[in-house]
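Just below is one structure, and these are the notes that go with it.
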Ligand SMILES: *Cc1c(COP(=O)(O)O)cnc(C)c1O
């Protein structure tokens with residue numbers, strides 16, 4: 001009838017992603033943020049008089065999602081909580097629990113099954129269903145399938161790993177047919193549908209997804225180990241290096257691998273972190289992730305700049321933190337590039353300290 005309602009190329013991508021997530025259906029949107037917006041809008045229950053539902057959000061979460069909910073742009077109120085306090089935050093007008101695992105940018109992992117159990121307990125008290133949506137962008141269905149752990153919706157920014165080449169934008173939600181129908185209705189009304197050309201590229205991206213995820217993960221693991229032993233580095237955040245017993249368990253039961261995104265804090269504060277992003281040559285200083293190209297950015301100064309500064313620090317996003325999304329370049333070349341950038345920053349810092357002393 002009309003391309004805003006349905007497109008066969010987009011439907012092909014949706015079918016494939018639904019199969020990968022073990023879901024009845026999937027609904028694709030123009031971007032990840034359009035997908036998340038639709039999830040929030042689909043959570044209203046007009047038949048019960050809940051037009052603008054209360055949302056329980058778990059921090060840290062993607063900066064754009066944090067901003068969408070905190071700003072109240074969609075008329076919704078948000079309560080930010082820790083994973084363990086989700087049940088207590090649920091109210092009679094709560095329509096959605098939204099979380100991200102592994103989370104952005106600290107790679108903190110949330111136990112989806114435990115959180116869902118808590119929500120189901122709270123549901124009995126409030127007397128209605130409260131859907132749990134998991135932003136699974138970092139993990140991809142290769143490493144994690146949230147619906148298997150009880151989540152109602154698995155959300156992806158397809159712009160990242162699913163497309164995989166940094167040249168197409170999209171968002172997609174895998175869910176039951178009942179939720180998919182509501183999401184399609186929101187999409188039809190608001191017009192956030194994926195463009196067919198992007199749908200073609202994203203569908204093609206799925207063909208190499210497992211191979212890319214595995215190769216990128218292997219390089220990320222090697223880089224994380226190297227960084228963890230480097231005296232210029234304060235702390236490395238990578239699920240594969242965590243000693244926390246819960247996270248180690250989740251790496252077996254929930255996630256089939258630590259993935260290819262890592263974060264690390266460098267000596268020398270925010271200036272050193274920013275200096276490194278300016279000095280890398282092979283690595284691209286840019287937001288986004290999941291591309292064949294390795295990308296670096298300082299979240300506090302870029303993607304999480306929109307998050308309230310105090311909340312940002314509290315959720316583990318300090319100014320000296322760098323996030324690295326590892327691509328398909330040779331790992332030795334990546335290590336060399338980082339090593340040189342860090343040395344240059346250290347040398348520049350040394351000169352500054354000397355100048356300060358003599359003045
Ligand atoms: C990029 C991203 C989004 C937003 O997706 P867009 O396609 O940029 O709109 C949401 N969640 C996570 C985890 C992301 O990485």
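Quick notes on this structure:
- Of the residues making up region 115-131, not a single one is within 11 Å of the ligand (Cβ to nearest atom) and touching a helix residue (DSSP H, G or I) at 6+ places or on another chain (Cβ under 6 Å).
- The sole residue among 229, 235 that is surrounded by fewer than 16 Cβ atoms within 10 Å (Cβ to Cβ) and out of contact with any strand residue (DSSP E or B) (no Cβ under 6 Å at 6 or more places or on another chain) is 229.
- Residues that are farther than 25 Å from residue 334 by Cα and either in a helix (DSSP H, G or I) or at pLDDT below 95 (or both) within region 195-205 comprise 196, 197, 198, 199, 200, 201, 202, 203, 204, listed in sequence order.
- Lone unmet requirement of (1) more than 16 Å from the ligand (Cβ to nearest atom); (2) modelled with pLDDT under 95; (3) buried (at least 21 other Cβ atoms within 10 Å of the Cβ) for residue 90: (2)
Residues are listed down the side, and each one gets a yes or a no for (1) more than 15 Å from the ligand (Cβ to nearest atom); (2) surrounded by 19 or more Cβ atoms within 10 Å (Cβ to Cβ); (3) more than 21 Å from the chain's Cα centre (by Cα):
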position	(1), (2), (3)
3	yes, no, yes
17	no, yes, no
31	no, no, no
35	no, yes, no
46	yes, no, yes
56	yes, yes, no
73	no, no, no
81	yes, no, no
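- Failed item, numbered, when residue 68 is tested on (1) free of Cβ contacts under 8 Å to residues at least 60 places away in the same chain; (2) under 24 Å from residue 188 (Cα atoms); (3) more than 16 Å from the ligand (Cβ to nearest atom); (4) buried (at least 16 other Cβ atoms within 10 Å of the Cβ): (3)
- Of all residues in region 224-240, those satisfying the criterion of being in a helix (DSSP H, G or I) and within 23 Å of residue 114 (Cβ to Cβ) are 239, 240.
- Filter result for residue 199 (out of contact with any helix residue (DSSP H, G or I) (no Cβ under 7 Å at 6 or more places or on another chain), buried (at least 17 other Cβ atoms within 10 Å of the Cβ) and in contact (Cβ under 8 Å) with a residue 40 or more places away in the chain): no
- Of all the residues in region 258-280, those that are on the phi < 0 side of the Ramachandran plot and in contact with a helix residue (DSSP H, G or I) (Cβ under 6 Å, 6 or more places away or on another chain) number 10.
- Selection from region 289-320 of residues that are closer than 19 Å to residue 109 by Cβ and away from the ligand (no atom under 16 Å from the Cβ): 314
- Meets criteria (under 21 Å from residue 130 (Cβ atoms), away from the ligand (no atom under 15 Å from the Cβ) and surrounded by 24 or more Cβ atoms within 10 Å (Cβ to Cβ)) for residue 175: yes
- Hey, residue 107 within 22 Å of the chain's Cα centre (by Cα), at positive phi and surrounded by 14 or more Cβ atoms within 10 Å (Cβ to Cβ) or not: yes
- Entirely in region 241-359, the helices (runs of 4 or more DSSP H) that have 2 or more residues that are buried (at least 17 other Cβ atoms within 10 Å of the Cβ) and within 18 Å of the chain's Cα centre (by Cα): 245-253
- Test: residue in region 147-156 that is in contact (Cβ under 8 Å) with a residue 12 or more places away in the chain, buried (at least 24 other Cβ atoms within 10 Å of the Cβ) and within 18 Å of residue 207 (Cα to Cα): yes
The values are calculated or read from the model by the stated rules, or taken from the named source; none is laboratory data. What you see is a predicted model; the values in this text were computed from it and never measured. Ideal geometry is used to build each Cβ from the backbone, glycine not excepted, and the neighbour counts take in all protein chains shown.
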